[in-house]
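Below is one structure, written out as structure tokens, with a few remarks after it.
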Amino acid sequence: MEINDSAYLAFESFEGTVRQYMAQMQLYDAAIKEIKTKLEILDNEFSVKYDHNPIHNIKSRLKSPRSILEKLNRRSLPLCMDSLKEGMNDIAGIRVICNYLDDIYHIADLLTGQDDVKLLLRRDYIKHPKQSGYRSLHLVIEIPVFLAERVEQVKCEVQIRTIAMDFWASLEHKLKYKSVNEIPDELLNRLRLCAEAITEVDVEMQEIHKDISKERTEGE
């Protein structure tokens, strides 16, 4: 079967787009590694100084091609690399699970206070929860990724929350996606009540942690 010039041009265009996409994903993956390293260093330093690890766990992910396409479509953005770089903040995502409420803000301040970290956006869904009851601190940051011949500034979304907040958010997400129909208001209200109950537990655990730390300091 003979392949005409237009077919070759179409293939070359497709191949070029795929290579651009893979190169961009490599940048996002590198940014995730950089930020995870920063967070791990901060957690270790905190442990040495204060005998307390603020970070319980760190999770990361790259948005799938399907999720990227769906989001671009929802926002009526063109399917091009500029839309990825300029129109989306969460292709690279890191979730930081902290032990206590205060740890969330300590980690956020320490991370965004570093010279090579640029804070682009901050949304505090802990002080101002979503209507669903969702709570978390969201940061969109930009960091330099050093390549062989250039430096690229790459965006990443960092979500910081407590163990309890993550437990609620994970289950709420699964329940919504498993539901074929829209969830009734009564069940949504029950989810909100669960979020409020979890918040009360977070506050109480924070106070217990402070009291134990105070007793230990006074006993030394």
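Laboratory data are not the source of any read-out in this text; all were calculated from the coordinates shown. Quick caveat, the model's predicted, so the values are computed rather than measured. Positions of Cβ are backbone-derived with ideal geometry, glycine not excepted, and every protein chain shown enters the neighbour counts.
Between R74, R61, R192, where does the largest GNM mean-square fluctuation fall for the chain, given springs only between Cα atoms within less than 10 Å?
Answer for the Gaussian network model of the chain: R74.
Taking the 0 to 90 degree range and rounding to the nearest ten, how far is the long axis of helix 101-112 tilted relative to the main principal axis of the chain, both from C-alpha atoms?
40
Just report the Cα centroid separation between the range 36-73 and the range 185-215, whole Å.
Their Cα centres are 23 Å away from one another.
Please work out the ratio of the alpha-carbon Rg of the chain to 2.2 N^0.38 Å and round it to two decimals.
In units of the globular-protein estimate, the chain measures up at 1.26.
Specify which residue in the list Q206, I141, I104 is farthest towards the positive end of the charge dipole of the range 96-214, using unit charges on the beta carbon of Lys, Arg (+1) and Asp, Glu (-1), about the Cα centre.
I141
Name the residue, out of I198, I183, I32, whose mean-square fluctuation peaks in a Gaussian network model built on the chain with Cα pairs under 10 Å.
I183
Once both labels are modelled 7 Å past Cα along the beta-carbon direction, what's the K174-V18 spacing in nm?
Those two pseudo-labels are separated by 3.6 nm.
A 31 angstrom limit on the alpha carbon distance is what I want to check against. Which of K38/K130; K174/K210; K63/K210; K38/K176; K49/K174 exceed it?
The pairs that break the limit, which is 31 Å between Cα atoms, are K174/K210; K63/K210; K38/K176; K49/K174.
In what order do H173, H138, H52 fall by count of nearby beta-carbon atoms within 10 Å, going from fewest to most?
If I rank by nearby Cβ atoms, fewest first, I get H173, H52, H138.
In nm, to one decimal, how far is the modelled label at K214 from the one at S132, with both set 7 Å along Cα→Cβ?
It is 3.7 nm.
What net charge is computed for the residues neighbouring L120, neighbours being all others with C-beta under 9 Å from the C-beta of L120, Lys and Arg scored +1, Asp and Glu -1?
Residues close to L120 contribute a combined charge of +2.
Distance in nm between label sites at L147 and Q26, each 7 Å beyond Cα in the beta-carbon direction?
Label at L147, label at Q26, 0.8 nm between them.
Name the most mobile residue of Y28, Y125, Y100, meaning the one with the largest mean-square fluctuation, in a Gaussian network model of the chain with Cα contacts below 10 Å.
Largest GNM mean-square fluctuation: Y125.
What does the charge add up to near L188, with Lys and Arg as +1, Asp and Glu as -1, over the other residues with Cβ less than 11 Å from its Cβ?
Net of charged neighbours comes to -1.
Around L110, under 10 Å between beta carbons, what's the net of Lys plus Arg minus Asp minus Glu among the other residues?
Working: positive: K38; negative: D43, E45, D109.
Cβ neighbours under 10 Å give a net charge of -2.
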